[in-house]
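Here the structure comes first, spelled out in structure tokens, and everything after it is commentary.
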Amino acid sequence: MIQVPDTWKFVHVTDIHIGSPESYRFQPGWNNQWSTAAKQIQAIAPELMLVGGDLARDGNTEPQQFEHSIQVLNAVGVPWHVIPGNMDTGNKITDRSSLRTDRDDIACNVTEELLQTFKDKVGAFPWSFIHHDVRFSGCYEIIKDAGLPSAIELDRFLAEIGQLPPSHFHVMLNHYPLFIDGINEDQYDITDPEEYMSWYFGVDPEPRKRLIEAYQKAGVTHVLSGHIHCRRPPITIDGITFCFGASTAMPQFGDHWPDGDDTLGFQTFTVTPEAIDFEFHPLTEVSTRTDGWGPGGHPKPEARAK
Ligand SMILES: [Fe+2]
């Protein structure tokens, strides 16, 4: 019988946004920051690395970027498991656009074609496996109830993990956090500039409710998310601990919560028989390069010229 060690670690990285100098936009500092994180992770020597989406700068519009992201993740030398993010496959689906003139929200919607491209070029999802006595699952939660074939696959997956024998801990990897300000928060209005970022960053109430029900049935104990590029101290609600993870690439939303911190870095989790302990690791060096180019956000096609 294989012995489970008393203490072991896994790492959660998210929003690493590896970009390409071939692109209409590129921030070499973000790639340098990943190199710093990779060295720090190698020194920690975790058993697993969970990659929480947005592994490329622009995988949705330039899927050839995935190849480089895969190379740099492989180079760490730690087995890794990945789900997509919105910059890899598209945003939360909306039937109306915001008032922003710099983006077309409807055109940013996730599509089945983009999800399939990710599956072909990077890897299949959703997934679930046991490592030692911990179950790890990963899914692209934002497609819940979106009507896409991959959303129907997600429903099947959630039903299946709800039938599995219980495990000591169950860690669920997501990209979007399930909520922004409160687990029972109402729908944010995409057309209200004051609410736009909260709309953009979180899961809508109905799919949130159904995801949480499914996670409860599956005995999920920890939900790890990215997308915001701002970490918070873990929040435990009804037996599930929600961990909002930092980005290694660039900070966002750092002024939204009193306990929010957009310092760049990654998370380690130390598993013991009693608990999974969280620790944030700030990057030991943040790039000061200013020689990047191109717009941020979700530029319209005409703004993507090199
Ligand atoms: Fe991101």
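With the gyration tensor restricted to C-alpha atoms of the chain, the semi-axes of the equivalent ellipsoid amount to 28, 24, 18 Å, longest first.
Take every DSSP beta bridge whose two residues both sit in the chain; close to 50 percent of them are antiparallel.
Computed from backbone phi, the HN-Hα couplings of the range 41-46 come to 5, 4, 5, 6, 6, x Hz, rounded to whole numbers (Karplus: 6.51 cos²θ - 1.76 cosθ + 1.60, θ = phi - 60°; Gly and Pro given as x).
For each of Phe253, Phe280, count neighbouring Cβ atoms within 10 Å of the residue's Cβ, then give the residues from fewest to most.
Working: Phe253 18, Phe280 15.
By the 10 Å Cβ count, ascending, the order reads Phe280, Phe253.
Considering only the range 116-261, what is the antiparallel percent among its DSSP beta bridges, to the nearest 5?
45
Comparing Gly59, Gly239, Gly77 in a Gaussian network model of the chain, where Cα atoms under 10 Å apart are tied by springs, the biggest mean-square fluctuation is seen for Gly239. Using the structure shown, select from Lys92/Lys217; Lys121/Lys300; Lys119/Lys300; Lys9/Lys300; Lys92/Lys306 the pairs with a Cα to Cα distance greater than 30 angstrom. Violating the 30 Å limit, Cα to Cα: Lys9/Lys300.
With the cut-off at 1.5 for a/c, could you classify the range 73-121 from its C-alpha gyration tensor as rounded, prolate or oblate? Could you put the intermediate results ahead of the total?
Values: a/c = 3.84, a/b = 2.32, b/c = 1.65.
In terms of gyration-tensor shape, prolate.
For the chain, what does the helix formula give at 222 nm: sum of -39500 (n - 2.57) over DSSP H segments with n ≥ 4, over the residue count, nearest 500 deg cm²/dmol?
Rounded to the nearest 500, it is -7000 deg cm²/dmol.
Rule-based calculations on the coordinates, nothing more; no lab input. Remember, predicted model here, so these are calculated numbers, not experimental data. Glycine also receives a Cβ, built like all others from the backbone with ideal geometry; neighbour counts cover every protein chain displayed.
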